[in-house]
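Notes follow once the structure below has been shown.
The values are calculated or read from the model by the stated rules, or taken from the named source; none is laboratory data. This structure is a prediction, so every number in the text was calculated from the model and none was measured. Cβ placement follows ideal geometry from the backbone for every residue including glycine, while neighbour counts extend to all protein chains displayed.
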Amino acid sequence: MMDIVFKLILLIPLILSTIFLFINIGILAIFPFWFLCGLIDISRHKTMDLKLIKEYFIGKGFLTFLLSPLNLLSDLLSHRNLHTYKIDDLPQGHQNEINDVISLFDKNSKDIAKRFKENPDDNRTMLFYKWYGYKLDDSIEEFNNEYKYLKTIGVSLFREKTSTSRHFGPLRMTYRILYNFNKVKKEGSFIEADGRIHKWKSDPLFIFDDTLIHQSFNEEDDLRFCAFIDIIRPSHFDNIIKLILKAVGFLLKNTRSIFYKNWKMI
């Protein structure tokens, strides 16, 4: 309760300043409002510097900047953002669905790997079974179960010596779950999220706020498979979050290539 009260107190000056600007300069008030939302959003980073600010406003974070008012609204509606999570940090309903889908990836890992063998020349390949709640692939029917909290289920493959560039996820109404189901055994396969390094050898499960700057690495001579899952943020207003995500899913149903243009889609 105290958390949401604190968020409301912070919101009041933003609303009053926007009203003041709108009265004095009209519709142009939207630009300082949007920029202020972006500054608040980017300031959450522990690793903030001039390079990060540049990447956020005019680089790969530009879409995240455009969506910053919506992301700040989700902060207002949701539980406190810890940035990275252990599964025990989440409510029991979230935990149950995560454990269920992880067991499905373990059960079907060999069949999933076979699908990727059809694209042997692509360094980064991705397969989506479900995207923002919409079913896309029924080759493993269990992934299309009706989940209450899980909205996106997919797989990403990094081949040998492959990494991403630094980037931001667009929406903070979900958290990102990555699960290394082929259990890499070496140190050089890991993800860095806002300065925190998570090695898949140490723990195959990583849950985090992907609107923070992050980068994935596979510096080894082995393949790295990760389940790629989005789960609704624990919220004070679940129904509002779900309604917005349903609308987002409808609008973005056929736009995966925009977000993952450097990936080969199966």
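Computed quantities for the displayed model
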quantity	calculated
Residue in segment 223-241 that is of a type outside the set (Phe, Trp, Tyr), out of contact with any Gly (no Cβ under 8 Å at 6 or more places or on another chain) and either outside the structural domain of ALA113 (by TED's automatic domain parsing) or free of Cβ contacts under 8 Å to residues at least 40 places away in the same chain (or both) present	yes
Condition check for LYS107: modelled with pLDDT of 90 or more and surrounded by fewer than 15 Cβ atoms within 10 Å (Cβ to Cβ)	yes
Matching entry among LYS46, LYS54, LYS107 (being more than 17 Å from the chain's Cα centre (by Cα), outside the structural domain of ILE153 (by TED's automatic domain parsing) and more than 22 Å from ILE197 (Cβ to Cβ))	LYS54
Criterion (of a type in the set (Ser, Thr, Tyr), free of Cβ contacts under 8 Å to residues at least 40 places away in the same chain and either over 26 Å from SER78 (Cβ atoms) or touching a helix residue (DSSP H, G or I) at 6+ places or on another chain (Cβ under 8 Å) (or both)) met by exactly one of SER189, SER165	SER189
Members of segment 156-175 that are closer than 25 Å to ARG44 by Cβ and either hydrophobic (A, V, I, L, M, F, W, C) or surrounded by 23 or more Cβ atoms within 10 Å (Cβ to Cβ) (or both)	PHE168, LEU171, ARG172, MET173, THR174, TYR175
Pick from segment 128-151, criterion without any contact (Cβ under 8 Å) to a residue 24 or more places away in the chain and not in a loop (DSSP other than H, G, I, E, B), ranking: surrounded by the fewest Cβ atoms within 10 Å (Cβ to Cβ)	GLU141
Segments classed as helices (runs of 4 or more DSSP H), wholly inside segment 39-119, with at least 2 members that are under 22 Å from PHE158 (Cβ atoms)	92-107, 109-116
Residues that are within 14 Å of ILE229 (Cα to Cα) and of a type in the set (S, T, N, Q), drawn from segment 148-182	THR152, SER156, THR174, ASN180
Flag if GLU118 is at pLDDT below 90 and out of contact with any strand residue (DSSP E or B) (no Cβ under 6 Å at 6 or more places or on another chain)	yes
Those residues of segment 184-194 which are at pLDDT below 95 and surrounded by fewer than 21 Cβ atoms within 10 Å (Cβ to Cβ), in sequence order	LYS185, LYS186, GLU187, GLY188
Per-region count, segment 171-180, residues in a loop (DSSP other than H, G, I, E, B) and under 18 Å from SER156 (Cα atoms)	1
Answer from LEU127, LEU90, LEU82, LEU104 - the residue that is closer than 18 Å to GLY249 by Cα and not polar (S, T, N, Q)	LEU127
Any hit, segment 209-232, residues being surrounded by fewer than 16 Cβ atoms within 10 Å (Cβ to Cβ), at pLDDT below 85 and over 20 Å from ASN81 (Cα atoms)	no
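Residue-by-condition table, conditions (1) touching a helix residue (DSSP H, G or I) at 6+ places or on another chain (Cβ under 8 Å); (2) in contact (Cβ under 8 Å) with a residue 12 or more places away in the chain:
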| site | (1), (2) |
| --- | --- |
| GLY61 | yes, yes |
| THR64 | yes, yes |
| LEU73 | no, no |
| LEU77 | yes, yes |
| ASN81 | yes, yes |
| THR84 | no, yes |
| GLN92 | no, no |
